[in-house]
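Chemist: First, the structure itself, so that you have it in front of you.
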Amino acid sequence: MSGPIRLWVAVKHGVDVVLARADRSTGTVAMDRAPRKTSDFDRNAVEEAVRIREKLGGTVTALTVGPPTSKEALRDALALGADEAVLITDPARPDLDGRGVARALAAYARTHPGFDLWFFGEGSTDHFTGTIGPRVAAEIGAPSLSYARRVSVEDGAVLVEREYEHELEKVRAAFPAIITVGQEINQPRVPTFMSTLKASKKEIRSFGPSELGVQPSDWAPLARRDRVFVPEVNRKRQAVSGADPATTARGLVDALRREGVLP
Amino acid sequence: MSGETVLVFSEEAEAIPGLLAAARAAVGPGPGRVELAVLADGGGPAGSAVGGADRVYRLLLPENARHDPELVAVALRRAQEAANPRLTLVASTKRGRETAARLAGATDSAVSTGVASFALEPEGVRIRREVLSGNALGEEVLLGPRPIVAVMLGAPVPAVPPTTPPEIIDVPPPEGAGRIALVERTVKPAGGLRIEAAERIVSVGRGLRKKEDLSLIEELARAMGAVVGCTRPIAAEAGWLSDDHWIGLTGHRVKPRLYVAVGISGAVQHLVGMRESTVVVAINKDPNAPIFAQSDFTVTGDLYTVVPALVRALSGA
Ligand SMILES: Cc1cc2nc3c(=O)[nH]c(=O)nc-3n(C[C@H](O)[C@H](O)[C@H](O)COP(=O)(O)OP(=O)(O)OC[C@H]3O[C@@H](n4cnc5c(N)ncnc54)[C@H](O)[C@@H]3O)c2cc1C
Ligand SMILES: Cc1cc2nc3c(=O)[nH]c(=O)nc-3n(C[C@H](O)[C@H](O)[C@H](O)COP(=O)(O)OP(=O)(O)OC[C@H]3O[C@@H](n4cnc5c(N)ncnc54)[C@H](O)[C@@H]3O)c2cc1C
């Protein structure tokens, strides 16, 4: 490793899964009009990078791909302690699919070489394919260390403890490396009033396809979203109540026996 | 559609029979082919669980290479080039998603994960998957050549022994070493509980005040012939129950005949794990708890009185 450590974090300004609502008559969610929010695990990713910088020095750069409104996610990252912020945006295509997002991030990495560790969420809150980190790694030819639960920086390398369904692994890779994290890795700090205020004044650098040396077609989608809809749930929603707890309990037991779900 | 090939791959032997069955269903009867790539790194299924595969590619990797998704994806890409499949199908496990993503990056193809169902259509591969943290379903079409789908598998299906031995092709290992060194691998202690298979579940949330009070929940579970489940905070934050019991987006997906939610608010990330239960009961002191809208029978009250009363009612007292 030469010089201060350069930490990058990819943050997504995704759809707010709590506020997004389906249209009552069609049952579908208009994704392009839904409120947006910074993806949950991306806060953990920023926190991890900031903790490393606090220990070892260096810089933390937050990057997002999306329409100019995605700057919101960069402001969040800055308020959590990131030093710099980069927006990658294509006026012709405000929202890219996974291929486009990965290629846009890879194009930035190719034109701005020099990251040591690049953190991603292991899945986004709204779309959760968990593909962007390893896909970018494949695009730029870097190792991807996914599902990290603990990250220790060594001299020019990183040691990651990670978790699979049935196994735990400890793995090591030299810089530059891509790491994905989930919510277990840390408890992100809560931005303060001062850090939020400071974040709102920081410069956000903006790049489009031409500045990154790519043809817009390089980002063309390979997936088409046909619809997002809320499946019907038809629950009975019967309130069970009685004069006293014993009567209520008997009422419930009777109801469950009628349903045939008790042994 | 007919006459097409689906290439199946998994690092996990357990997933292969389910993937083969899903692939066969997708190509349909007739001239369609199902081909299988397996890891031959000393830990994979070697030729046994391959019933239903017309051809098997053995990806010869250095011993224990599955920790490096780059090596796995490079090897799988060679099998993909040989099979020239309409679709490459992997299991939506953590390793499967990682391999799928690296392969998609290397071949510049469409990929999706967590896929509930898929179909080969003339235009592309139509998929259905949960989106918005399980609040909704999304329907997408993966376009372009070599799409990759990581599919959610239910309970493992038994392996079918091959009727005729499939053709076996060895894929030589990639040149050069990987970029990730494995320092240590440990197998997690198996908790033994397979909550996915439970017929009845009594599940508890933060309405419970302390760990000792779990005995109340266990008693109710016993009286109902149920297994104890829980929300994320109970397993991940309080640590009162092991991860085996944790239900939801980041925990286990269950579909019992009876699900009793005790002191659970009904956050979307929890609901997605139990939505397919046949009958849902909610016990909560807050009549506005979101879980009530997702329940068949609701009891508004303090769990500390409702649960003991239920235990008594069940024991006929
Ligand atoms: C209106 C609309 C239509 C869309 N249509 C489609 C469609 O038809 N098909 C389709 O596949 N996708 C579509 N998308 C995009 C899709 O929702 C995802 O944003 C994209 O595919 C990224 O995948 P993911 O969210 O699953 O990422 P994951 O791989 O789950 O995310 C993991 C991590 O990657 C990083 N990351 C992800 N996205 C970004 C980003 N934009 N900027 C910076 N870092 C990021 C973050 O660190 C994140 O935690 C659409 C999006 C919108 C808003
Ligand atoms: C990315 C992500 C992934 C997640 N994954 C999961 C997951 O897989 N599974 C999961 O469960 N959660 C998950 N969560 C967390 C989820 O959002 C909720 O925080 C969690 O489900 C809440 O758990 P709870 O219902 O036990 O607690 P609370 O939301 O605190 O609810 C407690 C309930 O108990 C009731 N109550 C209190 N006292 C009593 C009493 N004496 N008698 C009766 N009722 C009482 C209250 O009215 C309240 O409704 C995830 C969150 C995120 C961000």
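The values are calculated or read from the model by the stated rules, or taken from the named source; none is laboratory data. Since we're looking at a predicted model, the values are computed, not measured. So basically every Cβ, Gly included, is an ideal-geometry build from the backbone, and we count neighbours across all protein chains shown. Surface areas here come from the heavy atoms of the whole protein model, side chains and all, with no ligands, DNA or RNA. Shrake-Rupley method; radii C 1.70, N 1.55, O 1.52, S 1.80 Å.
Chemist: Considering B:G205, B:G263, B:G239, B:G251, which residue is near ligand 2 (Cβ under 7 Å from one of its atoms), on the phi > 0 side of the Ramachandran plot and of a type in the set (G, A, S)?
Modeler: Just a single option satisfies the conditions, and that option is B:G263.
Chemist: Another one. Within region A:86-102, is there a residue that is closer than 24 Å to A:R189 by Cα and touching a Ser or Thr at 6+ places or on another chain (Cβ under 8 Å)?
Modeler: yes
Chemist: Residues that are assigned by TED's automatic domain parsing to the domain that holds A:V151, within 16 Å of ligand 2 (Cβ to nearest atom) and out of contact with any His (no Cβ under 8 Å at 6 or more places or on another chain): does region A:62-76 have at least one?
Modeler: Yes, the conditions are met somewhere in region A:62-76.
Chemist: Of the residues A:A10, A:A104, which single one is touching a Phe, Trp or Tyr at 6+ places or on another chain (Cβ under 7 Å), within 14 Å of chain B (Cβ to nearest Cβ) and within 30 Å of A:M194 (Cα to Cα)?
Modeler: A:A10
Chemist: Turning to a different aspect of this structure: Please state which of the following conditions B:S315 fails to meet, knowing it meets all the rest: (1) facing chain A (nearest Cβ under 9 Å); (2) over 32 Å from the mean Cα position of the chain (by Cα).
Modeler: Of the numbered conditions (1) facing chain A (nearest Cβ under 9 Å); (2) over 32 Å from the mean Cα position of the chain (by Cα), the odd one out for B:S315 is (1).
Chemist: With the requirement that a residue be in contact with a Leu (Cβ under 6 Å, 6 or more places away or on another chain) and either open to solvent by 20 Å² or more (accessible area, probe 1.4 Å) or at the interface with chain A (Cβ under 10 Å from one of its Cβ atoms) (or both), what does region B:253-293 give you?
Modeler: B:Q269, B:V279, B:I283
Chemist: For the structure I just gave you, tell me whether A:T28 is open to solvent by 20 Å² or more (accessible area, probe 1.4 Å) and under 27 Å from A:V228 (Cα atoms).
Modeler: yes
Chemist: Further question on the same structure: Among B:S133, B:S117, which is the only one that is under 27 Å from A:A138 (Cβ atoms), more than 10 Å from chain A (Cβ to nearest Cβ), under 23 Å from the mean Cα position of the chain (by Cα) and of a type in the set (S, T, N, Q)?
Modeler: Going through B:S133, B:S117 in turn, just one is under 27 Å from A:A138 (Cβ atoms), more than 10 Å from chain A (Cβ to nearest Cβ), under 23 Å from the mean Cα position of the chain (by Cα) and of a type in the set (S, T, N, Q): B:S117.
Chemist: Among B:E184, B:E196, which is touching a Lys or Arg at 6+ places or on another chain (Cβ under 8 Å) and part of a helix (DSSP H, G or I)?
Modeler: None of the other options fit; the residue is B:E196.
Residue-by-condition table, conditions (1) facing chain B (nearest Cβ under 8 Å); (2) assigned to a helix (DSSP H, G or I):
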| residue | (1), (2) |
| --- | --- |
| A:T129 | yes, no |
| A:K170 | yes, no |
| A:T196 | no, yes |
| A:S210 | no, no |
| A:R225 | yes, no |
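Chemist: So, B:R95, is that one assigned to a loop (DSSP other than H, G, I, E, B), basic (K, R), closer than 22 Å to A:L145 by Cα and within 14 Å of chain A (Cβ to nearest Cβ) or not?
Modeler: No: the conditions fail for B:R95.
Chemist: Starting from residues that are under 14 Å from the mean Cα position of the chain (by Cα) and open to solvent by 10 Å² or more (accessible area, probe 1.4 Å), keep the ones in region B:80-94 and report whichever is farthest from B:T5 (Cα to Cα).
Modeler: Looking at residues that are under 14 Å from the mean Cα position of the chain (by Cα) and open to solvent by 10 Å² or more (accessible area, probe 1.4 Å), I get B:K94.
Chemist: Can A:E165 be described as within 7 Å of another protein chain (Cβ to nearest Cβ) and loosely packed, with under 14 Cβ neighbours inside 10 Å?
Modeler: Criteria met by A:E165.
Chemist: Sticking with this structure for a sec: Please count how many residues of region A:1-25 are more than 9 Å from the chain's Cα centre (by Cα) and either within 16 Å of ligand 2 (Cβ to nearest atom) or open to solvent by 10 Å² or more (accessible area, probe 1.4 Å) (or both).
Modeler: Number satisfying all stated conditions: 17.
Chemist: Restricting the search to region A:131-157, which residues are in a loop (DSSP other than H, G, I, E, B) and more than 14 Å from B:L71 (Cα to Cα)?
Modeler: A:T131, A:D155, A:G156
Chemist: Out of (1) buried (at least 22 other Cβ atoms within 10 Å of the Cβ); (2) in contact with a Leu (Cβ under 6 Å, 6 or more places away or on another chain), what's the single condition that is false for B:V72?
Modeler: So B:V72 meets the others, but not (2).
Chemist: Right, another one. Working only within region B:96-114, note down all residues that are crowded, with 23+ Cβ neighbours inside 10 Å and under 28 Å from B:R275 (Cα atoms).
Modeler: B:G96, B:R97, B:E98, B:A100, B:V111, B:S112, B:T113
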